[in-house]
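Asker: Before we start, here is the structure in question, set down as C-alpha cells.
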Amino acid sequence: MSKVNRRFGVLFPPGNVAMERELPRILPDGVTMHCNRLSRPNPTLTVDSLLAMKASIPRAVRDLMQMEPEVIIYGCTSGSFLGPDGSEEKIASEIEALSGVPAITTAQAVCMALHEMKATTVYMITPYPEALNIEEARFLEERGIRVPSWDAFPCTTSKEIRQLTSDDVAELVLSHQKEIQACDAVFISCTQLVSVDRIDSMEEALRKPVISSNQASLWAALRHMEIDMRDSRCGQLLRTLAFDTP
C-alpha cells in the first residue's frame with residue numbers, strides 16, 4: 001500500500017529557481033512540495049520591485065489551493081522582511097485568511113529557526129545590495145538577533161543570484177571563520193541562493209549551526225506538519241524535527 005501523500009505549498013518570486021532545486025531532494029517519502037509563482041514588474045533587487053509581489057498574493061493563493069496544501073510558505077526573505085514593521089506577519093495573516101490554512105513567511109521562519117538554535121548573534125551572508133543588507137540586519141536585531149557583521153556577493157538582479165553555486169556560498173562563508181567564531185550561527189539569506197548541499201560540511205568546519213533561508217522555510221513547514229527529520233543530512237536545524245510516527 002502506498003503512503004498517504006502529505007503536501008505543503010510554496011509561493012515565491014517568478015525568477016526563483018533555487019527552492020524547486022534544493023528542497024524536494026531533502027523531503028522524505030510521502031511528503032511533496034508544490035509551488036506557485038508570485039508576480040513582480042522586474043527582477044531587480046529593489047524595495048519597490050520586491051514589495052510589488054504582495055499584489056499577486058490573492059491570485060497565487062487561489063491557484064495553489066487547488067492542490068490542498070497543509071501549510072503555505074511565502075518563500076521570499078527580502079520580500080517578507082521589507083516594508084512596515086510586522087510586514088512578515090501581515091503577509092502570513094493575509095495568506096491564511098485567503099486559504100484557510102496556516103502560512104509562514106520565510107522571514108518568520110528564519111527568526112523561528114535562529115531562536116530554535118538559541119542563536120542571538122549571527123554572521124550574515126547575502127546576495128543583496130548594501131541597502132537591503134542594512135534593512136535585514138535592522139529587521140533581525142529588532143527581533144532579538146544581533147548581526148555584528150556580514151558579507152555579500154552582491155547582486156542587483158535575481159538572474160545574478162541564480163548564477164551563484166553552493167560552492168561559491170561555502171567559499172564566502174568559510175573565508176570569515178574568525179568573525180563567525182564570535183557568533184552563535186551563520187545565516188545565509190535569500191531563497192534564490194543555493195547552499196543546502198553544503199550546510200553539513202560548513203557546520204563541520206565551523207562547529208556552528210548554519211541556517212539558510214530555504215532550509216529554515218522547509219523546517220518551518222515540516223515542523224507544522226510534524227514530519228520526522230532526525231536523520232536528515234542538511235544541518236542541525238532539520239535534525240531538531242523528531243516526531244514519533246503512528
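Asker: I need the fraction of alpha carbon pairs in the range 33-107 separated by more than 18 Å, rounded to a whole percent.
Answerer: The calculated P(r) of the range 33-107 puts 33 percent of pairs beyond 18 Å.
Asker: Related question: Of V186, G144, S166, which is farthest towards the positive pole of the range 109-212's charge dipole, taken about the Cα centre with +1 and -1 on the beta-carbons of Lys, Arg and Asp, Glu respectively?
Answerer: Ranked along the dipole, the leading option is G144.
Asker: Moving on. Taking the Kirkwood radius as the inverse of the mean 1/r across Cα pairs, report the Rg/Rh of the range 50-195.
Answerer: Rounded to two decimals, Rg over Rh is 0.98.
Asker: Taking 30 Å as R0, compute the FRET efficiency from the Cβ-Cβ separation of R62 and T165 and round it to 0.05.
Answerer: Efficiency at R0 = 30 Å is approximately 0.30.
Asker: Calculate for the chain the 222 nm mean residue ellipticity that helices alone would give, adding -39,500 (n - 2.57) per DSSP H run of length 4 or more and normalising by residue count, nearest 500 deg cm²/dmol.
Answerer: About -11000 deg cm²/dmol.
Asker: Given the convex hull over the Cα atoms of the range 97-138, what projected area results after averaging over all orientations, in nm²?
Answerer: Projected area, direction-averaged: 4.4 nm².
Asker: Quick one: pull the percentage of alpha-carbon pairs in the chain with a separation above 35 Å.
Answerer: I get 8 percent for the Cα pairs in the chain exceeding 35 Å.
Asker: At what distance in angstrom do the alpha carbon centres of the range 1-80 and the range 226-246 lie from each other?
Answerer: 22 Å
Asker: Jot down the radius of gyration and Dmax of the range 66-128, Cα atoms only, both in angstrom.
Answerer: Over the range 66-128's Cα set, Rg and Dmax evaluate to 13.0, 41 Å.
Asker: Further, regarding this structure: Report the Stokes-Einstein translational diffusion coefficient (µm² s⁻¹, integer) for the range 135-194, Rh taken as the Kirkwood radius over Cα pairs, at 10 °C with viscosity 1.306 mPa s.
Answerer: Result for D is 124 µm²/s.
Asker: Show log10 I(q)/I(0) for the range 109-212 at q = 0.18, 0.20, 0.24 Å⁻¹, two decimals, from a solvent-free Debye sum over equal Cα scatterers.
Answerer: Rounded to two decimals, the profile gives -0.81, -1.01, -1.45.
Asker: Ok, one more. Which value, in Å to one decimal place, does the Kirkwood hydrodynamic radius take for the range 1-131 when every pair of different Cα atoms is included?
Answerer: With all distinct Cα pairs of the range 1-131 included, I get 15.7 Å.
Every number in this text was worked out from the coordinates using simple rules, so none of it is lab data. Values in this document were obtained by computation on a predicted structure and should not be read as measured data. Here Cβ is always computed from backbone atoms with ideal geometry, including for glycine, and neighbour counts include all displayed protein chains.
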